[in-house]
Amino acid sequence: MAGNSTPKDETKGLLRGRFSEATDAFVEAFTASVGFDHRLYREDIAGSKAHAQMLTTIDVLSTQECADIQNALDQIESEITTGSFHWSVALEDVHMNIESRLIELIGDTGKKLHTGRSRNDQVATDIRLYLRTAIDDLVSLTTELQHAILDLAERNADTIMPGFTHLQAAQPITFGHHLMAWYEMLNRDRLRLLDCRTRTNVLPLGAAALAGTPYKPDREMVARILGFDGVCQNSLDAVSDRDFAIEFTAIGALALTHMSRWCEEMVLWSSQQFSFVELPDRFCTGSSIMPQKKNPDVPELVRGKTGRMNGHLIALLTLMKSQPLAYNKDNQEDKEPLFDAVDTLRDCLTAMLGLIPNIIANVDTMRAAALDGFTTATDLADYLVGKGVPFRDAHEIVGHAVQLAVSKSCPLDALSVEDLNGSLTDAISEDVYQVLSLNGSIASRDHLGGTAPGQVRAAIERARSIL
Ligand code: ARG
């Protein structure tokens, strides 16, 4: 071990030169974050290496000292990765644990690393690096899931099902069209993640504790080394705001809100009552008492995770509310919600990625359900409009026809032309039966965003070319 020129008072502990007593044992445990922020070790080491390089170009460190620091940090990283690193709660957080080990390894040179830096800009840098990597991973997962949805939608571009409003059968649509709605939601979530990345990927280092540092740091150089797109423009803001973490968690909450809707549909559709789809056995669980049960636990759990994500969003918003500038210890509370938000979003996307490609559509059941509930009634009204009847009159004429069909317990297309016309019109003739068919109905919605199979295929093509 290299020499230590200034002995520290071991009886008081770390950073306690100005105190006359040691930290209270409860306070030590209460204020420590190493139990969770150890997850930032890679980012912390990368940030320290870049900082050391910069200190070398401004002549705070010699080339040899910089090399010693880089080598020792590499060694520490491998100690942590292989599990031989000793984490100490007394050393409070990931930053002090690593710095302390650095000093143990290379003595006075290690003590120079923190020149022109504070844990305040250090931790802000670490979290931004962490979140940037997390966003990149999540964007790839999201893209993969989008492809999975497109594949399933393509296989079901002609699969007819009832579309719902108020969960009542409303109009025929294709399953592919329905899936493309999921796709659109997820696509916006992906774009939001990418957008959040631009505000996350900005360098705080150089802000030091709050006011900057007298060493004239080359902040652009540090940003370049670490792959940041730019540097934070105000030192107080750099160390104190966590809006990027809040923004990310809001995106996560929205993404999970979307997934909770799909999951709700999977739960409904896989029930005996709907039987629209089969979920893969390996994604379902049994009951401890009812031998026949096949429970859709995975979509239910994803639906449930939405509450957890919303909780993290509220936690982070509340954490930031009313904090005076600049850094406050409150901000240490940003990590657990943020880490769990990342983990939860990753897990839920992974669960969807397992489920969605393996959904089997019960084509016949879906089609039969689309025939129920007079789902082509609007088509009949549109047909009458085509014959010159004003829409409100057409609506009333069709209402009477539906009433008659209800009383006869038959679908609309089982009514005769005379019954369909009733006493209110004579505009309906034999050609109406094509309009009342499911295929005729979906084929007629042949425009951008409509459910006609050709439009669904075109939407899939557009999506593939953008992804
Ligand atoms: N563990 C702290 C955090 O997560 C690091 C910054 C501490 N800075 C300070 N001045 N106490 O926020």
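The values are calculated or read from the model by the stated rules, or taken from the named source; none is laboratory data. Note that this is a predicted model, so its numbers are computed, not measured. Note that each Cβ is placed from the backbone with ideal geometry, even for glycine, and that neighbours are counted across all protein chains shown. Protein only, heavy atoms only, side chains kept; ligands, DNA and RNA dropped before computing areas. Shrake-Rupley method; radii C 1.70, N 1.55, O 1.52, S 1.80 Å.
A few notes on this one:
- Any hit, segment 376-385, residues being closer than 18 Å to residue 265 by Cβ, open to solvent by less than 40 Å² (accessible area, probe 1.4 Å) and not aliphatic (A, V, I, L, M): no
- In the set (1) under 30 Å from residue 118 (Cβ atoms); (2) open to solvent by 20 Å² or more (accessible area, probe 1.4 Å); (3) in contact with a helix residue (DSSP H, G or I) (Cβ under 8 Å, 6 or more places away or on another chain), the condition left unmet by residue 318 is number (3).
- Each residue in segment 83-98 was checked for being free of Cβ contacts under 8 Å to residues at least 24 places away in the same chain and within 22 Å of residue 25 (Cα to Cα), and 1 of them qualify.
- Of all residues in segment 283-303 being under 30 Å from residue 337 (Cα atoms) and without any contact (Cβ under 8 Å) to a residue 24 or more places away in the chain, the one that is surrounded by the most Cβ atoms within 10 Å (Cβ to Cβ): 284
- For segment 19-28, residues that are touching a Gly at 6+ places or on another chain (Cβ under 9 Å) and either assigned to a helix (DSSP H, G or I) or modelled with pLDDT of 95 or more (or both) total 1.
- Tallying residues that are over 18 Å from the mean Cα position of the chain (by Cα) and of a type in the set (Val, Ile, Thr) within segment 180-226 yields 4.
- Residues in segment 187-230 that are touching a strand residue (DSSP E or B) at 6+ places or on another chain (Cβ under 7 Å), open to solvent by less than 20 Å² (accessible area, probe 1.4 Å) and part of a loop (DSSP other than H, G, I, E, B): 2 in all.
- Some residue of segment 173-186 being among the small types (Gly, Ala, Ser), within 16 Å of the ligand (Cβ to nearest atom) and either open to solvent by 30 Å² or more (accessible area, probe 1.4 Å) or under 30 Å from residue 40 (Cα atoms) (or both): no
- Filter pass, residue 336 being within 16 Å of the ligand (Cβ to nearest atom) and open to solvent by 50 Å² or more (accessible area, probe 1.4 Å): yes
- The set of residues from segment 308-339 being in a helix (DSSP H, G or I) and under 21 Å from residue 92 (Cβ atoms) comprises 319, 329, 330, 331, 332, 333, 334, 335, 336, 337, 338, 339.
- Test: residue in segment 156-166 that is within 16 Å of the ligand (Cβ to nearest atom), part of a loop (DSSP other than H, G, I, E, B) and over 18 Å from residue 225 (Cβ atoms): no
- Total residues in segment 146-172, condition farther than 19 Å from residue 356 by Cα and open to solvent by 20 Å² or more (accessible area, probe 1.4 Å): 8
- The residue of segment 380-420 that is farthest from residue 440 (Cα to Cα), among those that are in contact with a Ser or Thr (Cβ under 9 Å, 6 or more places away or on another chain) and touching a residue at least 40 places away in the same chain (Cβ under 8 Å), is 387.
- Residue in segment 431-441 that is closer than 30 Å to residue 263 by Cβ, surrounded by 18 or more Cβ atoms within 10 Å (Cβ to Cβ) and not aliphatic (A, V, I, L, M) present: yes
- Residue in segment 324-338 that is touching a residue at least 60 places away in the same chain (Cβ under 8 Å) and over 23 Å from residue 130 (Cα atoms) present: yes
- Of the helices (runs of 4 or more DSSP H) lying entirely inside segment 30-145, those containing at least 1 residues that are crowded, with 21+ Cβ neighbours inside 10 Å and within 14 Å of the ligand (Cβ to nearest atom) span 34-37, 41-57, 94-106.
- All of (1) more than 13 Å from the ligand (Cβ to nearest atom); (2) over 13 Å from residue 253 (Cβ atoms); (3) open to solvent by less than 40 Å² (accessible area, probe 1.4 Å) hold for residue 325 with one exception: (3).
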